[in-house]
Amino acid sequence: MADAASMRREYTRAGLREEDAGDDPLVLFARWFDEAAGAAIREPNAMILSTLTGAGPAARTVLLKGFDGGGFVFYTGLASAKSRELEADPRCALTFLWVELERQVRVEGVASRAPEAEADAYFASRPRASQLG
């Protein structure tokens, strides 16, 4: 079995100084997201969604579909476990990990449903096999 404890490495590629972060965390996120997208990282929009359940926390990977001052957007079926968990307790967290850039971003907040027309438009844009899934 591999020795997980011996896999530690120093991260030296990039740091973050407070004066470089700016006043708006969304502006910083947009800059880092663009850097990740331009760095040939496979699925830089992949993020871990953490929710709360009656039994404790749950986490899984979902894909970011957009972001702006109103929040971060992802889609899921209304009957999915993540949807049911967010309906019961909308507090959640997102984590982006871009290992190649030695960066991660954590977002905490309260989820809400996208407007129905927006969700319907996204659903219609998906391939038929994905719609059926």
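Taken one residue at a time, the phi angles of the stretch 71-86 give Karplus couplings (6.51, -1.76, 1.60, θ = phi - 60°) of x, 10, 10, 9, 10, 7, x, 5, 8, 6, 4, 5, 5, 4, 5, 5 Hz. Gly and Pro are set to x.
Checking every one of the GluC sites (Glu not before Pro) in the stretch 47-110 against DSSP loop status and a limit of 16 other Cβ atoms within 10 Å picks out Glu102. Extension gain for Val73-Asp3 works out to 21.5 nm (0.36 nm per residue, less the C-alpha to C-alpha distance).
For the stretch 55-116, the Kirkwood estimate of the hydrodynamic radius, built from every pair of different alpha carbons, is 13.0 Å. With R₀ set to 25 Å, the beta-carbon distance separating Ser112 from Leu28 gives a calculated FRET efficiency near 0.60. With 0.36 nm allotted per residue and the present C-alpha distance subtracted, the Leu101-Glu43 stretch has 19.5 nm of extension available. The distance separating the Cα centre of the stretch 13-37 from that of the stretch 45-83 comes to 22 Å.
Quick note: the coordinates plus some simple rules give every number you see, no bench work behind them. The model shown is predicted, which means the values in this text are computed figures rather than measured ones. FYI the Cβ positions are ideal-geometry reconstructions off the backbone, even for glycines, and counts take in every protein chain you see.
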